[in-house]
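One structure is given below, encoded as structure tokens.
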Amino acid sequence: MRFIMRTTPGWNTEEYFNAIPQLELCVDQAKDAYQNFLNALELAGAEPCVHLEDDIVLCKNFVQRVSAEVEARPDEVIQFFSVRRKDDLEIGSRHILGNDFRFCQCFYLPANIGLELLEYGQKWSEHPLYPPKYPGAANFDMMIAYFLYSKNMRYWNVVPNLVDHKPVQSRIDPRRSKNRQSFTFVG
């Protein structure tokens, strides 16, 4: 299983290599987050892969805990971050309809799904819901949701979350709130 982090030039990723020695970086040289997401999918190819963003906090024993979740569900899409307060707190880990996929801080794609998602994503700008106001913006979570919906797939939402979103300003869209943290993350 591969671990690929999408990042930008100059962003400090050293802390992540300490926790994930096999981590690979997919650096956004073109200042196009969406294209860099597609680049990360291409880099992973047909292999199973955990995709990460560079503005997260990892739980302790991250690789072991992620690996345990993947071993239990190797053929399912798995989400390791959520801000679904009520359901996360009351229900815990569960399957969620694919069309409700949100956030790309850290998630797992099984073998071959990444290539299918890449093909779908390359045509996403033609989709009627592609946001023309923000071309290239980070709308890949919406794209993933529509991909999963088109395949009638659910994804597994892990609670407590294994990553949290750092309270930092988005480099993709500075209008986004810094307050996008998990309600269940335990460092």
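The values are calculated or read from the model by the stated rules, or taken from the named source; none is laboratory data. Everything numeric here is computed off the predicted structure, so don't read it as measured data. Positions of Cβ are backbone-derived with ideal geometry, glycine not excepted, and every protein chain shown enters the neighbour counts. The protein model used for the area step is the full one, side chains on, heavy atoms only, and it has no ligands, DNA or RNA in it. Shrake-Rupley method; radii C 1.70, N 1.55, O 1.52, S 1.80 Å.
Cβ-Cβ contacts under 6 Å between residues 6 or more apart (or on different chains), taken from a first residue in the range 94-119 that is at pLDDT 95 or above to a second residue that is surrounded by fewer than 23 Cβ atoms within 10 Å (Cβ to Cβ) and of a type in the set (Lys, Arg), are listed as His95/Arg154.
Among the residues making up the range 1-34, those that are at pLDDT 90 or above, within 15 Å of Cys104 (Cα to Cα) and not aromatic (Phe, Trp, Tyr) are Ile4, Met5, Arg6, Thr7, Cys26.
Residues of the range 75-122 being assigned to a strand (DSSP E or B) and more than 14 Å from the chain's Cα centre (by Cα), which ones? Matches in the range 75-122: Arg94, His95, Ile96, Leu97.
Among the residues of the range 30-57, what is the count of those that are aliphatic (A, V, I, L, M) and open to solvent by 30 Å² or more (accessible area, probe 1.4 Å)? Of the residues in that region, 4 qualify. Can you confirm whether the range 139-147 contains a residue that is closer than 20 Å to Phe3 by Cα, among the hydrophobic types (A, V, I, L, M, F, W, C) and modelled with pLDDT under 90? Checking the range 139-147: at least one residue is closer than 20 Å to Phe3 by Cα, among the hydrophobic types (A, V, I, L, M, F, W, C) and modelled with pLDDT under 90.
Number of residues in the range 144-167 that are of a type outside the set (A, V, I, L, M, F, W, C), outside any loop (DSSP other than H, G, I, E, B) and either within 11 Å of Ser93 (Cβ to Cβ) or open to solvent by 10 Å² or more (accessible area, probe 1.4 Å) (or both): the value is 6.
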